Each structure stands twice: as structure tokens, then as C-alpha cells.
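Please read the structure below before turning to the comments.
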Amino acid sequence: MSEEQNGKPEEWAWPELKLPDLLLTDTVRKLHEAIESEWDSLRQSACQTAAGRALWKHVTHDQLAELLAGETYLRSLYEKIKKDRCRNAREVSGVMLAVRTLWFDSKIEAALSSFDGGGAQVVLLGAGMDARAYRLSCLKETDVFEVDFPEVLQMKTTTLQAATDSINDNQYVRVTAKSLNRVAADIRDNDWLQKLQISGFVPEKNTVWVLEGILYYLSHSHAIEVLKIIADNRALTRTVLLADFMNKSSTTLSSSMFHFHSDWPDRLSCHL
Ligand SMILES: C[S@@+](CC[C@H](N)C(=O)[O-])C[C@H]1O[C@@H](n2cnc3c(N)ncnc32)[C@H](O)[C@@H]1O
């Protein structure tokens, strides 16, 4: 007889979170401790997002997400998912991130195939712990640029290097893109495009701009300025801009973190 039949609520047989060995090595643990103690919440959002992709790995197929997210963010999201499932919540934590990942993946692929060759580049603004350059085979003829704060990109490189050093079969830590360039820049400053160009970005090449989980962290004027810079560059080339937006009410979820919002992103072009 089950406990439920016995009159007691049945315990949900919820499995323990399994962490990959790599995450438990001293080197990787120390790197993640530094992230937790030294980074502000803006930078830490990179690891939180990676945790979402990691715990929805069966959908996102992001094999590097656990390593890049770190134990703390994985455990925290795992507990939320457990609660949601036990309460039969209408939306389970992290699912939006998984959907968002798949949406951007498919739009990137579609944009690249619409270019019909000629060499293309993908720029990830606020790239965080995004591992598309390692994950998407559609990028094999494409130069990828990851733009983020210097400490975020440095930590990402160091963590991936630690993984390469400590495992024999490091197939997941192999870049599948034609090239990968990390560009340390604050996109609120007016020199980020210049820094991108110094790193090899060619304005005349067909470009996919990926603004995933970034615009709402910027003030209204900074977000519009970033979009303007991209729009001004578009005259030279075939350009696809992919971005997600928050509407006004969503930004109230955290008024200290979220700023820029647009209820009608399609209408933004008249401000650019
Ligand atoms: C929520 S994360 C999203 C990361 C990644 N796009 C993804 O979807 O996994 C936001 C990222 O934007 C970066 N970011 C925020 N403001 C930035 C700025 N002004 N300049 C450069 N990067 C910024 C943060 O460091 C963080 O990595």
C-alpha cells in the first residue's frame, strides 16, 4: 500500500541533483567562489542564465552550461524547479530560458542560411556564459564575437581552459564556429564598436546581432544608443538583429535590475 493510500501524503521521489565531476574540481570551485564573492548581480546573471540552460539540457543541448553556471546557481534553480513541480505550477522555473534559447538558436540558423554564403559574423552582445560558439554547427563558417565585461569574459576563458586541462575527452570544449573572439567592453560606453572592429569585426560583412537577455539591464538611453549604433552600421551590410524585450510590467519584477522596456518593440525603429 502506498503512503497516500495509507492516509499520509506521498513523498515525491525527487532525485538528487547530480553535478559533473568537473564542477567539483578545486580549480573550478575556486573560480565559482570568486564569482559569488566578487561579482555584482548584473555579472552574476550570466551564471544564472547558464543554470537555466543546464537544467533544461535535454532541450538546449548545452553541454558546457553546468560548468559555466557553477554549483550554487544550479542548486538554487534545481530547488525552484522541484517546488514548481511539487506544486503543479503552471510554469516551471527555467522553462522560459529554454524556450528563449531555442528561439535564438533557430533564428540564428535561419538568418545565416538567408545570407547565401559570402562570409558572415555573429555578434553576441552581453554574451555572458553563452556557449553557442561551441554548440551550434550552423556557425562553422561564421566568425563569432562575444562582447561582455572584461571580468566575465576572462572568467569564462579560464573556466573553459580548466575544463580542457582536466578532461581527456574535451570534445565539448572545442569551438565549432569558424573563429571565436572575446571582446571586453561595456556597451554603455561609446567605444564598443571600435573595440569590436579592432578584434576583427568587419562592418561590410553580413551580420547577425544577438541581444539575448541584455537590453532590459540597460537604461532607456543606453539601450536606444546601442540599437542606433547597430542600425547605423546596417547600411553597409545585410543585418539581422535578434533581441528579447521586457514589457513595462515585467520590469517591476526587479526595479533595481531591469530598466529598458518596450511594449511595442516593432515600433522602436522610428526612434533609431
Ligand atoms: C542575463 S545575462 C545574459 C547572458 C547571455 N546573453 C545569455 O543569454 O546567456 C546578461 C549579460 O549581459 C552582460 N552585460 C550587462 N550589461 C552590460 C554592459 N553594459 N556591457 C557589457 N555586458 C553587459 C552581463 O555581464 C551578463 O553577462
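Structure above, values below:
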item: Any hit, region 69-79, residues being outside any helix (DSSP H, G or I), in contact with a helix residue (DSSP H, G or I) (Cβ under 8 Å, 6 or more places away or on another chain) and crowded, with 21+ Cβ neighbours inside 10 Å; result: yes
item: Pairs where the first residue, in region 21-42, is outside the structural domain of Met257 (by TED's automatic domain parsing) and acidic (Asp, Glu) and the second is at pLDDT 90 or above and part of a loop (DSSP other than H, G, I, E, B), C-beta under 9 Å, 6+ apart; result: Glu33/Gly70; Glu36/Gly70
item: Residue ID - surrounded by the fewest Cβ atoms within 10 Å (Cβ to Cβ), chosen from residues in region 120-156 that are among the small types (Gly, Ala, Ser) and assigned to a helix (DSSP H, G or I); result: Ser137
item: Selected residue (only one of Ala110, Ala127, Ala98 is at pLDDT 95 or above, outside the structural domain of Leu67 (by TED's automatic domain parsing), closer than 30 Å to His222 by Cα and more than 16 Å from the ligand (Cβ to nearest atom)); result: Ala110
item: Condition met for Glu212 (among the charged types (D, E, K, R) and touching a Phe, Trp or Tyr at 6+ places or on another chain (Cβ under 9 Å)); result: yes
item: Scope region 47-66; condition surrounded by fewer than 24 Cβ atoms within 10 Å (Cβ to Cβ), over 11 Å from the mean Cα position of the chain (by Cα) and assigned to a helix (DSSP H, G or I); matching residues; result: Lys57, His58, Val59, Thr60, Glu66
item: Residue ID - surrounded by the fewest Cβ atoms within 10 Å (Cβ to Cβ), chosen from residues in region 18-31 that are over 16 Å from Ala131 (Cβ atoms) and of a type outside the set (A, V, I, L, M); result: Lys18
item: Pairs with Cβ under 6 Å, 6+ apart, first in region 178-194 and more than 17 Å from Leu153 (Cα to Cα), second acidic (Asp, Glu) and more than 10 Å from the ligand (Cβ to nearest atom); result: Lys178/Glu141; Lys178/Asp143
item: Among (1) small (Gly, Ala, Ser); (2) free of Cβ contacts under 8 Å to residues at least 40 places away in the same chain; (3) within 14 Å of the ligand (Cβ to nearest atom) - the single one Ala133 does not satisfy; result: (2)
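For every residue, the table says whether it meets (1) touching a Pro at 6+ places or on another chain (Cβ under 9 Å); (2) within 16 Å of the ligand (Cβ to nearest atom).
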site: Ser166; (1), (2): no, no
site: Arg188; (1), (2): no, yes
site: Leu193; (1), (2): yes, yes
site: Val208; (1), (2): no, yes
site: Ala231; (1), (2): no, no
site: Phe245; (1), (2): yes, yes
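Residue by residue, here is whether (1) touching a strand residue (DSSP E or B) at 6+ places or on another chain (Cβ under 6 Å); (2) within 15 Å of Leu241 (Cα to Cα); (3) of a type in the set (Val, Ile, Thr); (4) at pLDDT 95 or above holds:
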site: Asp84; (1), (2), (3), (4): no, no, no, no
site: Ala89; (1), (2), (3), (4): no, no, no, no
site: Leu102; (1), (2), (3), (4): no, no, no, yes
site: Ser106; (1), (2), (3), (4): no, yes, no, yes
site: Asp148; (1), (2), (3), (4): no, no, no, yes
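The values are calculated or read from the model by the stated rules, or taken from the named source; none is laboratory data. The structure presented is a predicted model; accordingly, all values stated were derived computationally and were not measured. In this analysis, Cβ positions are derived from the backbone assuming ideal geometry, glycine residues included, and neighbour counts consider all displayed protein chains.
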